[in-house]
Amino acid sequence: MVACFAAGLGAVLTPVGEPLSTILVNKLSGAPYHAGFLFPLQVFGIYVIPGVLVIALFGAFYIGRNVDLKNFSHEVEYSETLKTVILRAIRVFLFVAALVLLGEGMKPLIVWYIVHVPAWILYWINMVSAILDNATLTAMEIDATMTLSQITGIIMGLLIAGGMLIPGNIPNIVAAGRLKISMKEWAVIGVPMGLVIMAIYFLVLLPHFIS
């Protein structure tokens, strides 16, 4: 679970990392941002890279040394074929394409309402990413008419809260499925850890939000 927080954060740094970043770059590819391949790294790298390192080290040294692998009860069975890999890639492509179309359909709602919400409120509102896929929320909320502070608030809120529960992002779903982790087991660690990370990042981002 701890590793999924780090994976979920780090995946935003390039458009090939996860659907969220792909949709983000697509929606901001025009004026005024002209987002390209390195846009997520340039905007979020300063916040995400240190967070990934800290969370990964926390998982490796604090959590890892307290886990008794001999008593680890989950039996992992995994098999993959070329056919399943290709089918999964096609499904992901169709999923992203559908979300891009969804974002276009949501544009009037974004312009009328979301664009007027302060960045720090958008950050906390997007804790809903714990129960909804963060790529879907990115498609519904992000628009080029927003300020960089608002975009940062939305994306950082989605990335962090996405690790709190299993439906939040793809790494969670894969890990929970492979390791047979229940929603309750995930929430016991994921929710408190996510709230702490949300609070820390809020303090870090606050000057950016109010600038």
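The values are calculated or read from the model by the stated rules, or taken from the named source; none is laboratory data. Quick caveat, the model's predicted, so the values are computed rather than measured. All Cβ positions, even for glycine, are placed from backbone atoms using ideal geometry, and neighbour counts span all protein chains on display.
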Hey, ALA139 crowded, with 24+ Cβ neighbours inside 10 Å and in a helix (DSSP H, G or I) or not: yes
Segment 154-190, residues that are among the β-branched types (Val, Ile, Thr), part of a helix (DSSP H, G or I) and out of contact with any Leu (no Cβ under 7 Å at 6 or more places or on another chain): ILE160, ILE166, ILE170, ILE173, VAL174, VAL188, ILE189
Complete set of residues in segment 168-194 that are under 29 Å from ILE46 (Cβ atoms), touching a residue at least 12 places away in the same chain (Cβ under 8 Å), surrounded by fewer than 17 Cβ atoms within 10 Å (Cβ to Cβ) and not small (Gly, Ala, Ser): ILE189, VAL191
Number of the condition not met by THR145 [criteria: (1) in contact with a helix residue (DSSP H, G or I) (Cβ under 7 Å, 6 or more places away or on another chain); (2) in a helix (DSSP H, G or I); (3) surrounded by fewer than 17 Cβ atoms within 10 Å (Cβ to Cβ)]: (2)
Single residue of GLY51, GLY64, GLY103 found to be at pLDDT below 70, closer than 23 Å to ALA176 by Cβ and surrounded by 11 or more Cβ atoms within 10 Å (Cβ to Cβ): GLY64
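Kindly indicate which of GLY168, GLY194, GLY153 is in contact with a Ser or Thr (Cβ under 7 Å, 6 or more places away or on another chain), within 26 Å of TRP120 (Cα to Cα) and of a type outside the set (Val, Ile, Thr).
Within the list GLY168, GLY194, GLY153, the selection yields GLY168.
Residues checked against (1) at pLDDT 90 or above; (2) of a type outside the set (Phe, Trp, Tyr); (3) in contact with a Phe, Trp or Tyr (Cβ under 9 Å, 6 or more places away or on another chain):
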{"site": "ILE151", "(1), (2), (3)": "yes, yes, yes"}
{"site": "ILE154", "(1), (2), (3)": "yes, yes, yes"}
{"site": "LEU158", "(1), (2), (3)": "yes, yes, no"}
{"site": "ILE170", "(1), (2), (3)": "no, yes, no"}
{"site": "ALA176", "(1), (2), (3)": "no, yes, yes"}
{"site": "LEU179", "(1), (2), (3)": "no, yes, no"}
{"site": "VAL188", "(1), (2), (3)": "yes, yes, no"}
{"site": "GLY194", "(1), (2), (3)": "yes, yes, yes"}
